[in-house]
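Structure first, then comments.
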Amino acid sequence: MAKCLFDIIFSVIGLILISPILLVISILIKVEDKGPVFYRGIRVGRFGKLFKIYKFRTMVVDAEKLGGSSTSDEDTRITMIGSYIRKYKLDELPQLINVLKGEMSFVGPRPEVKMYVDMFTEEEKIILSVCPGITDWASLWNSDEGSILAGSSDPEKTYLEEIRPEKIRLQLKYVRERSFLIDLNIILQTMKIVISR
């Protein structure tokens, strides 16, 4: 209950406080290529329910038709403005809307595309028992996935072999040990990483 109340109150406060930033980014995206401001990709939420995630669009229109879901910093589909807002994680800010709608939480396993969720073992399906989040232990461990995938001839394969196993291990750790105090700790550590950029 405390977590739910925290999510609602702080997503509203957050959206109000960052509204000028959201407006500026929206204008810059529109000016660059006239496409939609938001990317609304399908993700798997709690109990396997599908939802559309809100992110600022950082890639060309219809990018998903031009390549895989794993993206390196060198991906040619990334726009000029997109490259900047991805570097500072500004593309994630609209997910406060998902938090307000109850589809996501501030802290929880990052929501995945259905293709990766379909690979879950029976043990790993426990990840779907909690609300997905904007940040978690895995996000702190790997705060810049794009740079790890940069230089890979096959980003999708690199993600599956080098990133996904540890990501899942940390997500399972979160689900088994979660508490409100742990959530606050993760939020503080996330803020440190973002500010240090």
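Derivation of every value follows stated rules applied to the coordinates shown; laboratory data play no part. What you see is a predicted model; the values in this text were computed from it and never measured. Reconstructed Cβ throughout: ideal geometry from the backbone, glycine too, with neighbour counts over all protein chains shown.
Points to keep in mind about this one:
- Given charges at beta-carbon only (K, R positive; D, E negative), |dipole| of the chain in Debye: 640 debye
- Net length available on complete extension from L23 to L50 is 7.0 nm, with 0.36 nm assigned per residue and the Cα-Cα distance removed.
- Charge-dipole axis of the chain as Lys and Arg at +1 and Asp and Glu at -1 on Cβ define it, positive-most pick from P20, L50, L184: P20
- Take the Cβ atoms of S129 and V61, set R0 to 35 Å, and the FRET efficiency comes out at 0.50.
- Ranked T58, T158, criterion: other C-beta atoms within 10 Å, fewest first: T158, T58
- Nearby lysines by direct alpha-carbon distance to K173 (threshold 19 angstrom, same-chain neighbours under 8 apart not counted): K3, K125
- Every helix of 4 or more DSSP H residues in the chain counts as -39500 (n - 2.57), and over all residues that averages to -13500 deg cm²/dmol at 222 nm.
- Extent of the chain along its three principal axes (Cα atoms, max minus min coordinate, largest first): 43, 40, 32 Å.
- Rounded FRET efficiency, nearest 0.05, which uses the C-beta distance separating L181 from I9 and R0 of 25 Å: 0.90
- Were the residues from Q189 through K30 laid out at 0.36 nm apart, the gain over their Cα-Cα distance would be 54.0 nm.
- Taking a ≥ b ≥ c as the square roots of the Cα gyration tensor eigenvalues, the range 1-66 comes out oblate, since a/c reaches at least 1.5 and a/b does not exceed b/c.
- Relative exposure of V99, V24, V175, V130, judged by other C-beta atoms within 10 Å (fewest first): V24, V175, V130, V99
- Residue order, fewest to most beta carbons within 10 Å, for L128, L172: L172, L128
- Between S83, S139, S19, the Gaussian network model of the chain with springs among Cα atoms under 10 angstrom shows the greatest mean-square fluctuation at S19.
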